[in-house]
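Participant: Quick one: the structure is below, and I'll ask about it shortly.
Here, each number is a calculation from the coordinates, and none is a lab measurement. Being a predicted model, the structure only gives us computed values, none of them experimental. Heads up, the Cβs are rebuilt from the backbone with ideal geometry, glycines too, and the neighbour counts pull from every protein chain shown.
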Amino acid sequence: MIDPAILRPGRFDVKIRIDRPDAEGAAEVLGKHLRSDLPLDPTELAAAGGDREAAATAMRRAAVADLYARTPDKAVLEVIYASGERETLHLADFVSGAMLAASWPVPRPPPSRTSSPAGTAACPLAGCWRRSPSRPARTRRSPPPDRSP
């Protein structure tokens, strides 16, 4: 959900709706994040005959099959409409690309910068900033004294 103030006329020229990924799209997203160069469980590697790429592919397929299964154990919510009609929503109905990407966080190199903003240094996690050790954090001033009678 996006704040309506952001969507006021004149703010954006074009609005693009991006639907939730289907099983094929989820496999594609996981392919970017669950890669063979990550540390893999030795059991998974042994099951794939030591082939790291085959192990990662099998893990991606198993994750997608599990996420998109429409079984009673994957039921998340039952909706009862005013008409009395019932609909069961499963985990697959709530899957998003962001959720898939967050399942296997991949460290990214820091963005290339010629200089950092004053008093900050690039953090190894993209988009994260921390105060430079050479410049200590400012201390808060103490609150004004209570001047009540």
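Participant: Near Asp37, within a Cβ-to-Cβ distance under 10 Å, what is the net charge of the other residues, with Lys and Arg +1 and Asp and Glu -1?
Facilitator: Local charge sum for Asp37: +1.
Participant: Could I ask something else about it? Return Leu67, Leu38, Leu45 ranked ascending by Cβ neighbour count within 10 Å, so the fewest neighbours appear first.
Facilitator: Least crowded to most crowded, the residues run Leu38, Leu45, Leu67.
Participant: Something else: Quick one: His33, His90, fewest Cβ neighbours within 10 Å first, how do they rank?
Facilitator: The order, fewest Cβ neighbours first, is His33, His90.
Participant: Okay, moving on. Can you give me the relative contact order of segment 23-107 as a percent, contacts being Cα pairs under 8 Å and 6 or more apart?
Facilitator: Relative CO of segment 23-107 lands at 31 percent.
Participant: To one decimal place, what orientation-averaged projected area in nm² is obtained for the convex hull of the Cα set of segment 23-107?
Facilitator: 6.7
Participant: Segment 1-94: which chymotrypsin sites (Phe, Trp or Tyr not before Pro) are DSSP loop and have at most 11 other beta-carbon atoms within 10 angstrom?
Facilitator: Counting only loop positions with at most 11 other Cβ atoms within 10 Å, the chymotrypsin sites (Phe, Trp or Tyr not before Pro) in segment 1-94 are Phe12, Tyr81.
Participant: Give, as a single signed number, the net charge of other residues whose beta carbon lies under 11 Å from the beta carbon of Glu87, with Lys and Arg counted +1 and Asp and Glu -1.
Facilitator: In short, -2.
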